[in-house]
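Data first, discussion second: the structure below is written as structure tokens.
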Amino acid sequence: MKYDNIRPAVFLERPNRFIARVESDGHIETVHVKNTGRCKELLIPGCEVWLTAPGTPGRKTKYDLVAVRKSDGVLYNIDSQAPNRVAREWLETQGYDKILPEYTYGDSRIDFYMERGREKYLMEVKGCILEMGGVGYFPDAPTDRGVKHIRELIKAKEAGYHASLAFVIQMDGVKEVRANVATHPEFGEAMEDAKKAGVEIVFLTCHVEPDKIVNAK
């Protein structure tokens, strides 16, 4: 996926999880952060960030903060809407007869429902922006919703669906994602239960540039 417009800035502070203050072209701007996770190892005062202006009428902020360069030089896309767009682009290359987003199953809305012939598939998508020692970790903040989705995938697998949990890795150089049990032990337990139940774990590796994120799988 590619952004229509992008501009560099310098990160100054994040007063709350929804907004940040940045400096761009000598001006201080309040921008929307397109990720409600902690991002504490990424959004450090003085770091390079990139903004896009979606042009939505009536917005309180003109720009969205969508990418950041970590202190080690690696570029991260932190747009929480990007993983589903990347996953959709990948699914469209996999020979499915039907792909439906935001599919209601049980008590949850699963990101994608697919069909291939008579076979039915469900896929839940998570974006990974936390890296430690060359390995990706999810989540970077507790997510009861994420646990609930995994439990629904297990039920779907038991009901005869092909079920998968896909991690879109929003940085270069990482090929695997593990459960961040230090942050959310219940997510780790649910992920292990999913593996035992036969839910497929998919890692969608990506190449990131300031104005785009491209699936490299």
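Summary table
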| read-out | value |
| --- | --- |
| Criterion violated by residue 70 - all others in (1) farther than 16 Å from residue 213 by Cβ; (2) outside the structural domain of residue 170 (by TED's automatic domain parsing); (3) of a type in the set (Lys, Arg) satisfied | (1) |
| Top-ranked residue of region 91-109 - restricted to ones that are of a type in the set (Val, Ile, Thr) and exposed (fewer than 14 other Cβ atoms within 10 Å of the Cβ), ranked as farthest from residue 194 (Cα to Cα) | 93 |
| Residue match in region 56-75 (condition: more than 23 Å from residue 139 (Cα to Cα), touching a Lys or Arg at 6+ places or on another chain (Cβ under 9 Å) and outside any strand (DSSP E or B)) | yes |
| Scope region 110-149; condition assigned to a loop (DSSP other than H, G, I, E, B), touching a His at 6+ places or on another chain (Cβ under 6 Å) and buried (at least 20 other Cβ atoms within 10 Å of the Cβ); matching residues | 139 |
| Lone unmet requirement of (1) of a type in the set (Ser, Thr, Tyr); (2) touching a strand residue (DSSP E or B) at 6+ places or on another chain (Cβ under 8 Å); (3) closer than 20 Å to residue 40 by Cα; (4) surrounded by fewer than 18 Cβ atoms within 10 Å (Cβ to Cβ) for residue 71 | (2) |
| Residue tally, condition at pLDDT below 95 and either outside any strand (DSSP E or B) or among the charged types (D, E, K, R) (or both), over region 84-108 | 2 |
| Residue, farthest from residue 170 (Cα to Cα), within region 78-103, restricted to residues that are hydroxyl-bearing (Ser, Thr, Tyr) and under 20 Å from the mean Cα position of the chain (by Cα) | 103 |
| Residue count for region 127-178, restricted to those that are in contact (Cβ under 8 Å) with a residue 40 or more places away in the chain and touching a strand residue (DSSP E or B) at 6+ places or on another chain (Cβ under 7 Å) | 34 |
| Residue match in region 32-53 (condition: farther than 23 Å from residue 136 by Cβ and loosely packed, with under 13 Cβ neighbours inside 10 Å) | yes |
| Residues satisfying the stated conditions in region 25-53, i.e. among the polar types (S, T, N, Q) and at pLDDT 95 or above | 30, 52 |
| Selection within region 1-49 - closer than 20 Å to residue 73 by Cβ and among the small types (Gly, Ala, Ser) | 9, 46 |
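The values are calculated or read from the model by the stated rules, or taken from the named source; none is laboratory data. None of these values were measured; they are calculated from a predicted model. Here Cβ is always computed from backbone atoms with ideal geometry, including for glycine, and neighbour counts include all displayed protein chains.
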